[in-house]
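Chemist: Let me begin by handing over the structure; questions about it come next.
The values are calculated or read from the model by the stated rules, or taken from the named source; none is laboratory data. Predicted, not measured: the structure shown is a model, and the values here were computed from it. Because the Cβ atoms are built from the backbone with ideal geometry, glycine has one as well, and the counts that use them run over all protein chains shown. Areas reflect the complete protein model, heavy atoms only, side chains present, ligands, DNA and RNA absent. Shrake-Rupley method; radii C 1.70, N 1.55, O 1.52, S 1.80 Å.
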Amino acid sequence: MAYDVIIVGAGSVGVPTAMALGELGIKPLVIDMHPSPGQGENKHAIGGIRATHSDPGKILTGRRSLEIFSTWQDRFGDDIEWLKGGYVFPVYRKKDEQLLKGLLPVQKEFGLNIDFIEPQSIQQLVPGINSKGLRGGTYSPEDGSISPLLAVNAFYQRALELGATFCFKEKINRILVKNKKISGVVTDKNTYHAPVVVDAAGPFSPELCKTVKVKIPVISDSHEGAITEPVQPFFQCMVVDMRPAPGSKNYYFYQNKHGQVVFCITPDPPIIGKDKRETSEFLPQVCTRMIQLLPRLKNLRVRRTWRGLYPMTPDGSPLVGWNRKVKGLLHATGMCGQGLMLAPGVAELVARMVAGETTASDGLILKEFSPHRKFKGQEALK
Ligand SMILES: Cc1cc2nc3c(=O)[nH]c(=O)nc-3n(C[C@H](O)[C@H](O)[C@H](O)COP(=O)(O)OP(=O)(O)OC[C@H]3O[C@@H](n4cnc5c(N)ncnc54)[C@H](O)[C@@H]3O)c2cc1C
């Protein structure tokens with residue numbers, strides 16, 4: 001069976017990429033080992049969507065993604081639980097204040113609506129937040145949240161309408177290469193041919209690319225998330241506490257459209273690997289910190305926890321670009337902890353690359369996301 005493009009993975013990136021290709025008249029084949037869309041890491045995301053990053057490429061990609069998520073229901077009718085609650089980074093340490101204030105010029109230059117606001121304004125946005133030592137914080141009112149599974153399924157329906165084909169419960173065992181050019185993939189059920197393979201395999205990209213002797217710097221690590229029972233809404237924004245504590249870096253939480261508080265934390269040191277079994281350390285660790293920050297959360301009952309993977313790169317920015325060794329292999333992976341919020345923008349970029357229609361601002365993004373870049377430094381808000 002022959003296609004123009006094969007996408008590996010019907011996840012956060014693969015599904016909107018199929019949709020974006022469809023919008024340009026290209027009908028891809030998408031293959032996933034799971035039985036339906038979003039069953040890899042997509043459904044593990046807590047749903048935070050922001051464009052307020054620190055590097056121009058991520059800001060531009062995030063802005064486009066935000067536009068797609070926030071206008072989806074008006075344009076296509078599906079409720080993806082978009083909630084424009086904004087992001088708040090409350091600050092208690094001088095060095096965090098300096099870091100966040102230092103990012104504002106580039107964030108504003110690239111069109112973001114964000115400012116450093118007074119402690120009183122933070123208290124209005126997050127009623128009951130611990131005021132001791134609160135120095136203020138950044139607020140970006142246009143950011144928000146969605147339901148990852150509702151969004152990926154909405155994109156899936158749209159991709160089907162535009163002519164994409166999806167094969168589920170099918171594992172790709174290897175990529176096929178002939179004379180250093182992509183010729184297709186071999187799954188546990190079939191062989192499919194195409195001149196372009198998009199690597200949207202997330203944490204499994206290294207294994208996939210290894211089948212054509214391509215090494216890519218994606219290392220997965222485990223993160224846990226949780227959701228509470230629903231209660232009357234009392235705050236809407238995503239709250240990101242940047243401070244570290246023993247065993248963890250930042251943590252973040254928001255109250256979704258149903259009134260449930262959804263949260264997760266960044267372990268320190270990272271828990272490298274692909275273990276998705278929940279731990280008994282996570283809830284005591286994150287809840288202690290959340291209650292110190294916002295004591296009124298203390299009576300909430302947690303309904304469910306889960307554990308998923310971040311496909312991490314050395315500098316915290318994605319890997320998007322053509323492979324130099326294997327012609328036709330296009331990487332769209334390494335989304336770290338931001339694959340949901342970047343995916344629709346990345347998808348359109350990938351589609352333009354396949355169609356040979358990239359723009360000047362794509363050039364800037366592609367330089368930042370290049371799989372062949374030197375991995376110096378770290379994105380400040382990764
Ligand atoms: C606790 C937690 C909270 C998070 N919160 C957020 C958040 O608030 N906002 C945000 O933006 N991000 C968040 N993330 C990160 C986000 O989930 C990931 O960055 C994103 O889902 C990665 O997208 P992806 O398309 O690269 O991978 P996936 O969504 O995992 O898609 C890859 C797909 O490829 C398939 N696949 C791989 N290899 C093969 C193969 N050989 N054959 C067939 N199929 C294959 C997999 O089955 C999978 O479905 C969070 C993650 C976790 C764990």
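Chemist: Considering only the range 312-325, state which residues are open to solvent by less than 10 Å² (accessible area, probe 1.4 Å) and either among the hydrophobic types (A, V, I, L, M, F, W, C) or near the ligand (Cβ under 7 Å from one of its atoms) (or both).
Modeler: Scanning the range 312-325 gives LEU319, VAL320.
Chemist: Filter the range 202-229 down to the residues that are part of a helix (DSSP H, G or I) and surrounded by fewer than 18 Cβ atoms within 10 Å (Cβ to Cβ), then identify the one that is farthest from the ligand (Cβ to nearest atom). Talk me through it step by step, then tell me what you get.
Modeler: Applying the first criterion (part of a helix (DSSP H, G or I)) to the range 202-229 yields 202-210.
Still in the list and also surrounded by fewer than 18 Cβ atoms within 10 Å (Cβ to Cβ): 207, 210.
On the way: GLU207: 7, LYS210: 11 Å.
Ranking the qualifying residues of the range 202-229, first place goes to LYS210.
Chemist: Only one residue in VAL218, VAL231, VAL196 is over 30 Å from PHE89 (Cα atoms) and of a type in the set (A, V, I, L, M, F, W, C), so which one is that?
Modeler: VAL196
Chemist: When ALA360 is evaluated against the numbered criteria (1) in contact (Cβ under 8 Å) with a residue 40 or more places away in the chain; (2) within 23 Å of ASP55 (Cβ to Cβ), which criterion, by number, is the only one it fails?
Modeler: (1)
Chemist: Looking only at the range 230-251, which residues are open to solvent by 30 Å² or more (accessible area, probe 1.4 Å), assigned to a strand (DSSP E or B) and over 22 Å from LYS274 (Cα atoms)?
Modeler: Correct list: PRO230, ALA245.
Chemist: Another one. Determine whether LYS298 is out of contact with any Asp or Glu (no Cβ under 8 Å at 6 or more places or on another chain), of a type outside the set (S, T, N, Q) and either more than 30 Å from GLY57 (Cβ to Cβ) or near the ligand (Cβ under 10 Å from one of its atoms) (or both). I'd like the intermediate steps shown before the answer.
Modeler: Values: out of contact with any Asp or Glu (no Cβ under 8 Å at 6 or more places or on another chain): yes; of a type outside the set (S, T, N, Q): yes; either more than 30 Å from GLY57 (Cβ to Cβ) or near the ligand (Cβ under 10 Å from one of its atoms) (or both): yes.
Taking the combined requirement at face value, the residue satisfies it.
Chemist: Here are VAL262, VAL198, VAL186: which of them is within 11 Å of the ligand (Cβ to nearest atom), among the aliphatic types (A, V, I, L, M), open to solvent by less than 10 Å² (accessible area, probe 1.4 Å) and under 27 Å from LEU330 (Cβ atoms)?
Modeler: On inspection, the qualifying residue turns out to be VAL198.
Chemist: Out of (1) under 15 Å from GLY48 (Cα atoms); (2) more than 14 Å from the ligand (Cβ to nearest atom); (3) not small (Gly, Ala, Ser), what's the single condition that is false for VAL239?
Modeler: Checking VAL239 against (1) under 15 Å from GLY48 (Cα atoms); (2) more than 14 Å from the ligand (Cβ to nearest atom); (3) not small (Gly, Ala, Ser), the one that fails is (2).
Chemist: Of all residues in the range 356-382, count the ones that are open to solvent by less than 20 Å² (accessible area, probe 1.4 Å) and either charged (D, E, K, R) or over 19 Å from the mean Cα position of the chain (by Cα) (or both).
Modeler: Selection size over the range 356-382: 2.
Chemist: Then there's this: Inspect the range 10-27 for any residue being touching a Phe, Trp or Tyr at 6+ places or on another chain (Cβ under 7 Å) and more than 14 Å from the ligand (Cβ to nearest atom) and give the result as yes or no. I'd like the intermediate steps shown before the answer.
Modeler: Step one: filter the range 10-27 for residues touching a Phe, Trp or Tyr at 6+ places or on another chain (Cβ under 7 Å), giving 10, 15-16, 19.
So of that shortlist, the ones also more than 14 Å from the ligand (Cβ to nearest atom) come out as none.
Scanning the range 10-27, I find no residue that is touching a Phe, Trp or Tyr at 6+ places or on another chain (Cβ under 7 Å) and more than 14 Å from the ligand (Cβ to nearest atom), so the answer is no.
Chemist: For the condition touching a residue at least 40 places away in the same chain (Cβ under 8 Å) and more than 22 Å from PRO16 (Cβ to Cβ), what is the one hit in PRO203, PRO141?
Modeler: Matching residue, one of PRO203, PRO141: PRO141.
Chemist: Checking GLY136 against (1) within 16 Å of the ligand (Cβ to nearest atom); (2) over 22 Å from the mean Cα position of the chain (by Cα), only one condition comes out false. Which one?
Modeler: GLY136 satisfies all of (1) within 16 Å of the ligand (Cβ to nearest atom); (2) over 22 Å from the mean Cα position of the chain (by Cα) except (1).
Chemist: Out of SER121, SER183, I need the residue that is of a type outside the set (A, V, I, L, M, F, W, C) and in a strand (DSSP E or B). Which one? Outline the logic, then answer.
Modeler: Working: SER121 fails: in a strand (DSSP E or B).
Checking each option against the conditions leaves just SER183.
Chemist: Is it fair to say LYS276 is open to solvent by 40 Å² or more (accessible area, probe 1.4 Å), over 24 Å from ASP143 (Cβ atoms) and within 19 Å of the chain's Cα centre (by Cα)? Working first, answer last.
Modeler: On the way: open to solvent by 40 Å² or more (accessible area, probe 1.4 Å): yes; over 24 Å from ASP143 (Cβ atoms): yes; within 19 Å of the chain's Cα centre (by Cα): yes.
When the stated conditions are applied, LYS276 passes them.
Chemist: Could you grab the pairs with beta carbons closer than 9 Å, sequence gap of 6+ or different chains, first residue in the range 220-235 and free of Cβ contacts under 8 Å to residues at least 40 places away in the same chain, second one small (Gly, Ala, Ser) and open to solvent by less than 30 Å² (accessible area, probe 1.4 Å)?
Modeler: The qualifying pairs are PRO230/GLY259; GLN232/GLY259; PRO233/GLY259.
Chemist: Kindly list the number of the only condition in (1) farther than 25 Å from ALA245 by Cα; (2) open to solvent by 60 Å² or more (accessible area, probe 1.4 Å); (3) in contact with a helix residue (DSSP H, G or I) (Cβ under 8 Å, 6 or more places away or on another chain) that fails for LEU162.
Modeler: Against the list (1) farther than 25 Å from ALA245 by Cα; (2) open to solvent by 60 Å² or more (accessible area, probe 1.4 Å); (3) in contact with a helix residue (DSSP H, G or I) (Cβ under 8 Å, 6 or more places away or on another chain), LEU162 comes up short only on (2).
Chemist: To continue, here is another question. For the range 177-189, name all the residues that are touching a residue at least 40 places away in the same chain (Cβ under 8 Å) and over 12 Å from TYR3 (Cβ atoms).
Modeler: The answer is VAL177, LYS180, LYS181, THR187.
Chemist: Looking at the range 33-53, which of its residues are within 6 Å of the ligand (Cβ to nearest atom) and in contact with a helix residue (DSSP H, G or I) (Cβ under 7 Å, 6 or more places away or on another chain)?
Modeler: GLY40, GLU41, ASN42, ALA45, GLY47, GLY48
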